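Worksheet: the structure to be examined is printed underneath.
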Amino acid sequence: MTNFVYKLNGNVVKPNELTDAVLRGKFDQMRSKISDALGSRRCPVHDLEPILFLESDGSNVRVTGFTSCCKQSGADVHKRLEDLKELAGMEFTVTVKTMNFDQK
Ligand SMILES: [Zn+2]
């Protein structure tokens, strides 16, 4: 399972802290679309999953970035997000934040 971080107006929020049901629905919808597209994506080298950032200003929800364990995994996730963009016609900006792990 891909991990997700929800942010509202720049602050990290837990899904159950979103009191606006419509907004929470938008977050959850985006999350499930992306989960379906990415599947159980794990880096074959590091056995880690990407973390996706979903962000909202109170109206629309966008994917603002993701974190992956290495460039290879990051490129794979990025490609799938680009595919999803075409598929769903969604507007989002992807920012790749790569974390490097020296172990393994
Ligand atoms: Zn990796």
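The values are calculated or read from the model by the stated rules, or taken from the named source; none is laboratory data. What you see is a predicted model, and the numbers here were worked out from it, not measured in a lab. Heads up, the Cβs are rebuilt from the backbone with ideal geometry, glycines too, and the neighbour counts pull from every protein chain shown.
Could you identify the single residue in 59, 40 that is among the hydroxyl-bearing types (Ser, Thr, Tyr), assigned to a loop (DSSP other than H, G, I, E, B) and at pLDDT below 85?
Going through 59, 40 in turn, just one is among the hydroxyl-bearing types (Ser, Thr, Tyr), assigned to a loop (DSSP other than H, G, I, E, B) and at pLDDT below 85: 40.
Residue-wise test of (1) over 16 Å from residue 77 (Cβ atoms); (2) more than 13 Å from the chain's Cα centre (by Cα).
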position: 14; (1), (2): yes, yes
position: 19; (1), (2): yes, yes
position: 22; (1), (2): yes, yes
position: 25; (1), (2): yes, yes
position: 29; (1), (2): yes, no
position: 32; (1), (2): yes, no
position: 43; (1), (2): no, yes
position: 47; (1), (2): no, yes
position: 54; (1), (2): no, no
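Out of the residues in the range 21-59 that are out of contact with any Lys or Arg (no Cβ under 9 Å at 6 or more places or on another chain) and charged (D, E, K, R), which is nearest to the ligand (Cβ to nearest atom)?
42
Taking the conditions exactly as written (in contact (Cβ under 8 Å) with a residue 40 or more places away in the chain and either among the small types (Gly, Ala, Ser) or surrounded by fewer than 17 Cβ atoms within 10 Å (Cβ to Cβ) (or both)), does residue 14 satisfy them or not?
No: the conditions fail for residue 14.
I'd like the full set of residues that are more than 11 Å from the chain's Cα centre (by Cα) and among the aliphatic types (A, V, I, L, M), limited to the range 62-87.
75, 84, 87
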